[in-house]
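Before any comments, here is the structure.
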Amino acid sequence: MKKVLYSATKPTGILTLGNYLGAIKNWLPLQDEYSCYFCVANLHAHTVELSASYVYDRTLQQLALFLACGLDPKKSVIYVQSQVKEHSELMWLLNCNTMMGEANRMTQYKDKVAKGVKSLSTALYTYPVLMAADILLYNSNVVPVGEDQVQHVELARDIANRFNHRFGETFVVPKAMVGKVGARIKGLLDPTTKMGKSDDDPNNVIFLTDSDEEITKKIKRAVTDSLNNIAYDEQNQPGVSNLLSIISACENVPIEEVVKSLNGQGYGALKKRATEAVISVVKPIREKFEYYMNNKDELLNIALLGAKKAQKVAIETINKAKSAMGLI
Ligand code: ATP
Ligand code: MG
């Protein structure tokens, strides 16, 4: 039996080149090795105040982008969280098995409180428990995450262990999979911070839906330096290094080879190469994305089929958990 891999991304923005090169691209081959679940975590989107139409649109766009990037509904279960009601149901059962101290330690909430942010929703406090429910529902063995998310997988492990100890063996205890990460892509205008889908400045980010013209323009504006020397040196040349990482990841060529091939050339040539490399990756994704957005019935149908497959497993888990807890 294949091990289960679980991954969820909340649809709070359009997926970026960073999401693709750093995460999704690396998940593609894992689809053969693991029994994979890829979730559009739309319930998580409402932990902050967003409009219904924003969440609806971003949910379908993210699903379309998952498919456009090559996540394959024939191999993996690709679904939208809100279509499997067992996520919310399990969350309550897990809430009963989560300590205040644990929730208090979760960074998102802790950081906001430390910054003195007022009017936080209780969802921002408890969403790590929903994440634990997401993961535990599918008997997940591994959860590929960035460093910033390891804490959440640890919480899922702690809750699973506590539940199993109190009520008998019920949940598979998951593990974070941190090693298999790809390139870390930085912002184009601020190459010292990571490129993120929730960035306020769209010129800092390449979205997987950007047109060739937008990509060209954004890379033209990307920050470099005045050294006029193409070398990989994150400390002293973060902008140039970021463009080199982008080229390397898009072309599947080691960074040293990219540097060698640009030897003696200027930043104009570097940017031209980066633009071509990015367009060669983004264009086919964007075209497939547009296909799905123009064929929403097909997209919604894929979502429904994915949700049905997910729910079959989710129902088994929730029934097991309820009966373990003495719930009729
Ligand atoms: P947000 O700005 O809302 O935090 P994000 O772009 O950081 O969005 P996440 O949903 O936090 O996206 O992360 C999804 C996956 O993409 C994670 O596995 C994360 O490690 C990866 N990822 C995100 N940004 C980058 C990046 N710039 N380079 C490499 N990997 C990235
Ligand atoms: Mg993030």
First select every other residue whose beta carbon is under 9 angstrom from the beta carbon of residue 18; then total the charges, Lys and Arg +1, Asp and Glu -1. +4
For a protection proxy built on the mean count of beta-carbon atoms within 10 angstrom, sort 150-157, 262-269, 298-305 highest first, please. 150-157, 298-305, 262-269
Greater than 22 Å separation of Cα atoms is the criterion. Which listed pairs, 112/322; 10/175; 112/186, meet it? 112/322; 112/186
Do the sum for the chain: with -39,500 (n - 2.57) for every DSSP H run of n ≥ 4, divided by all residues, what is the mean residue ellipticity at 222 nm, to the nearest 500 deg cm²/dmol? -16500 deg cm²/dmol
Report, please, the projected area of the chain averaged over directions, based on the convex hull of its C-alpha atoms, in nm². 18.0
I'd like to compare 183-192, 162-171, 215-224: which one has the highest average count of other Cβ atoms within 10 Å, and what's the full order after that? 183-192, 215-224, 162-171
Cross-link reach list, aspartates and glutamates versus residue 308, counting only Cα pairs under 20 Å and skipping chain neighbours closer than eight places: 72, 86, 89, 134, 297, 298, 316
For a quick protection proxy, order the peptides 51-60, 205-214, 22-31 by their average other-Cβ count within 10 Å, most packed first. 205-214, 22-31, 51-60
Between beta-carbons, use under 13 Å as the cut-off and find the net charge around residue 216, counting Lys and Arg +1, Asp and Glu -1. +3
Where Cα atoms sit under 24 Å apart: lysine pairs in region 202-290 separated by 8 or more or lying on different chains: 16
Reachable aspartates and glutamates from residue 118, Cα under 15 Å, same-chain residues fewer than 8 places away excluded? 49
Rounded to whole Hz, the Karplus (6.51, -1.76, 1.60) HN-Hα couplings of region 256-267, x for glycine and proline: 4, 5, 5, 4, 4, 5, 9, 3, x, 9, x, 5
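Every number in this text was worked out from the coordinates using simple rules, so none of it is lab data. Since the model is a prediction, treat every value here as computed from it, not as a measurement. Every residue, glycine as well, gets a Cβ built from its backbone with ideal geometry; the counts of neighbours run over all protein chains shown.
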